[in-house]
1. What's the number of the condition B:Tyr99 fails, among (1) under 17 Å from the mean Cα position of the chain (by Cα); (2) over 28 Å from A:Pro436 (Cα atoms)?
2. Which numbered condition trips up B:Ala64, out of (1) assigned to a loop (DSSP other than H, G, I, E, B); (2) buried (at least 16 other Cβ atoms within 10 Å of the Cβ); (3) at pLDDT below 90?
3. What pairs can you find where one residue is in the range B:75-97 and within 14 Å of chain A (Cβ to nearest Cβ) and over 16 Å from B:Pro52 (Cα atoms), the other is of a type in the set (Ser, Thr, Tyr) and open to solvent by 40 Å² or more (accessible area, probe 1.4 Å), and their Cβ atoms are less than 9 Å apart, with a gap of 6+ or different chains?
4. Consider B:Arg161 carefully, then state whether it is open to solvent by 40 Å² or more (accessible area, probe 1.4 Å), at pLDDT 95 or above and out of contact with any Cys (no Cβ under 8 Å at 6 or more places or on another chain).
5. Got a sec? Which of A:Ser519, A:Ser526 is within 12 Å of another protein chain (Cβ to nearest Cβ) and either touching a Lys or Arg at 6+ places or on another chain (Cβ under 7 Å) or of a type in the set (Ser, Thr, Tyr) (or both)?
6. Look through the range B:105-119, keep the residues that are assigned to a helix (DSSP H, G or I), modelled with pLDDT of 90 or more and not polar (S, T, N, Q), and return whichever of them is most open to solvent (accessible area, probe 1.4 Å).
7. Suppose the filter is open to solvent by 40 Å² or more (accessible area, probe 1.4 Å) and of a type in the set (A, V, I, L, M); does B:Ala122 pass it?
8. Going residue by residue through the range A:472-482, is there one that turns out to be modelled with pLDDT of 95 or more, of a type in the set (D, E, K, R) and farther than 26 Å from A:Ser414 by Cβ?
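The values are calculated or read from the model by the stated rules, or taken from the named source; none is laboratory data. As the structure is a computational prediction, the values presented were derived from the model and not from experiment. As a convention, Cβ positions derive from the backbone with ideal geometry for all residues, glycine included, and neighbour counts pool all protein chains shown. Ligands, DNA and RNA are stripped out before the accessible areas are found, and what is left, the full protein with its side chains, is counted by its heavy atoms. Shrake-Rupley method; radii C 1.70, N 1.55, O 1.52, S 1.80 Å.
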Amino acid sequence: MNPRILLFLTSAAMLAASGLSGQVTFDRIIAAEKEPQNWLTYSGGVASQRFTKLTQITPENVKNLELQWIYQAKSLEKFEATSLVVDGILYTVQAPNDVIALDAVTGRIYWTYSYSPEPDARPCCGRINRGLAILGDTLFMGTIDAHLIALDAKNGKPLWNTTVASAASGYAITHAPLIVKDKVIVGTAGGEYGIRGFIAAFDIKSGKEAWRFYTVAGPGDPGRNSWAGDSWKTGGGSIWVTGSYDPATNLTYWGVGNPGPDWNGDTRAGDNLYTNSVVALDSDTGKLKWHYQFSPHDEFDYDAVQVPVLADMDWKDRNGQTRPRKLMFWANRNGLFYALDRNTGEFLAGTPFVEVNWMKGFDEKGRPMRIPGKTPTTQGTLIYPGNQGGTNWYSPSFSPGTGLFYIPAWVNYSSIYVKTDDDEYKEGRRYAGGLPRSPVPFARSAQNFRKEQEGYGAVLAIDPRTGEKKWEFKMSDVTDAGILTTASNLLFSGGREGYFFALDARTGAPLWKAAVGGSVASGAMSYAVNGKQFVSVAAGNSLFTFALRQ
Amino acid sequence: MIHRLLLATLPLLLSIPLAAQHEATQGDVDDGRRLYISNCALCHGPEGGSVPGVELGHGKFLRASNDEGLKTIILKGIAGSAMPPHTFTDFQAGTVVAYLRYMAASSTDATAVRGNAASGKAIFEGKGNCTSCHRVRGSGSRVAPELTDIGTIRRSVELQRSLLEPDAEVLPQNRYFRVTTKDGTTITGRLLNQDAFTVQLLDLKEQLVTFSRSDLTKSAFLDRSPMPSYKDKLSAPELSDLVSYLVSLKGIVYQ
């Protein structure tokens, strides 16, 4: 045999054997923690803890972080994407829907895929995208005109493009897809436009729809009676962030957004399932296994559009006995932190992490007990937390190292909820039923003159066993930044003040900061190439990547 | 299960008066004012009366009968006229409407602007001692807000109130702040910016300064405006001269 060919064949065999280069198999994705040098899903793994096992950067040396490269997006939209990194190549999205492949060490561009969404696309809250999914050599992106696109990861060429829903009717996809086995799963946004939201799975190879789960229960569905009359047809229930997956049960978990119209529930009497709920679906069939509704019959826009965080730990049951449990942790927009049993959906605990005045505890089944009179009125009702929530879509983090759960929170924040009843549904138009108002000036400028009692952003550390607050890192301005924690007890986050910073995950002490000059409205991630650890975050219109000074 | 739960703490009830008309809050009015001043005042003037035939400050409109109609005009403009469309969100347009309603509900006392601007200028620079804190066209102190273009951004009713009850409404950008450094020095100034790590002031020596929060032992907003009330210091005619002078301040003179 030609020695060159032999050499080629042996190195190919070595690559295959190592299993760490080349194709991203589903086995690699579900065992992502075994290759912390890569960041294979939106939240770093199917349990969505946004936690890295990389430990080169520590509380002691984090002060030596320095900028390695910046990618300046050719886009003035908010940069909300979390990048993926596979074997030294970084993939990200330039809003709204351009995909970029870069060298993860130098930031040099390998290729760009440009996509022009249909002019009909009208996402409520910015022409944004939160990231990609990868399987094999294929990248997947949902678009703001509600398409799902498969791209060749080597050259950025499209393989298929499936219309998931109608952009003209208000549907959009803003989150990173989730891969489960041979399917790619996405959900639709558009809760302010009277959509009927859904989660759907598509065949990896063909882009054909395999199953669909409506987040708004309709005819034939057990939840149908939770919607008065025909209100389910425009019930909302959007999906904004990527769900999670448990290989042990084959369940995929997704947080569902608000019912429509948002601020006036008169036309949709009932609990409005499965809005503001977490749904657990069989990932092969899309069948509902269980659901838990955080905010039944919501009129405060308390979307449950948070990442479901999965963790296994000892849990003290009602009878006082401690046993290992399969848990799901959830800091909700409604101001409460929850622990659920992720196999059964059983409600285990719920505690406010910010001021909450719309409920006063839970009944036996874990249903919130409402406070009479705390509903939108034509004169307006003051509610804590306010319309943007105690937290929102910003990624939380769970560190198995500290055992703490970390929340990007808005503290001292309220809205005055006013309802109107002159809103009529028109396809593709805003359908919201009122407007929340702010007791303090809501608009923000380049300067911040706020007092603490007018609301501020914070990173909160919560003991998930008790819901007790361990520490709080206060900012002057609010935050839309996700949180990353590391096995070396570091926490990375940022906020609207334009810093990217590191805290001690055990105490909240600030250890390092970089002025990135624009709001951090994304979750940081970490990766390594040739033994060197990087931390990367999008802020303003750019992607910033840091590593230790050599 | 209930025993596990920490009950929600009672809301800290801020005393937020819900403005009586049209459910707008003070927050909406403040947001709306900011948008109005930066987007509308150029054509419509601070009182809403600068476009001939249009009066935005009196709650009666030729082309709109309700708030929704006003929002539509603001968002879409008026075809075939100089009234432009605006790229506001629904929420923002709502705050501008709240501000237009607020203007009507707090309409100007016409007598306040019938004074003599020239005499007002003399009071400003002399008896009123306003220049010890305020600056107009290059003279006076910078410690209080610059007033060179105050006549383009404030209504006479607001100017009058600033003189009589300076504490009644201090705009967020005019808040004063005091810090104490580790060596015991106390510095007061107008707050220009702040974040988790730093504070920016224009101090009483008119210096732009930044402090690291880690170097401070204390930092807090001042409760009261440093501006004295002129209620008992100036007569009614003097006050209206002064307001007339402030209304006449329309920015630097273009050459």
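1. (2)
2. Going through (1) assigned to a loop (DSSP other than H, G, I, E, B); (2) buried (at least 16 other Cβ atoms within 10 Å of the Cβ); (3) at pLDDT below 90 one by one, B:Ala64 breaks only (3).
3. B:Leu75/B:Thr87; B:Ala93/B:Thr72
4. no
5. The unique qualifying residue is A:Ser519.
6. Narrowing the range B:105-119 to residues assigned to a helix (DSSP H, G or I): B:105, B:110-113, B:117-119.
Filter again for modelled with pLDDT of 90 or more, leaving B:117-119.
In the following step, the residues that additionally are not polar (S, T, N, Q) were identified as B:117-118.
Details: B:Ala117: 35, B:Ala118: 74 Å².
Filtering the range B:105-119 for residues that are assigned to a helix (DSSP H, G or I), modelled with pLDDT of 90 or more and not polar (S, T, N, Q), the one most open to solvent (accessible area, probe 1.4 Å) comes out as B:Ala118.
7. Against the criterion (open to solvent by 40 Å² or more (accessible area, probe 1.4 Å) and of a type in the set (A, V, I, L, M)), B:Ala122 qualifies.
8. No, that holds for no residue.
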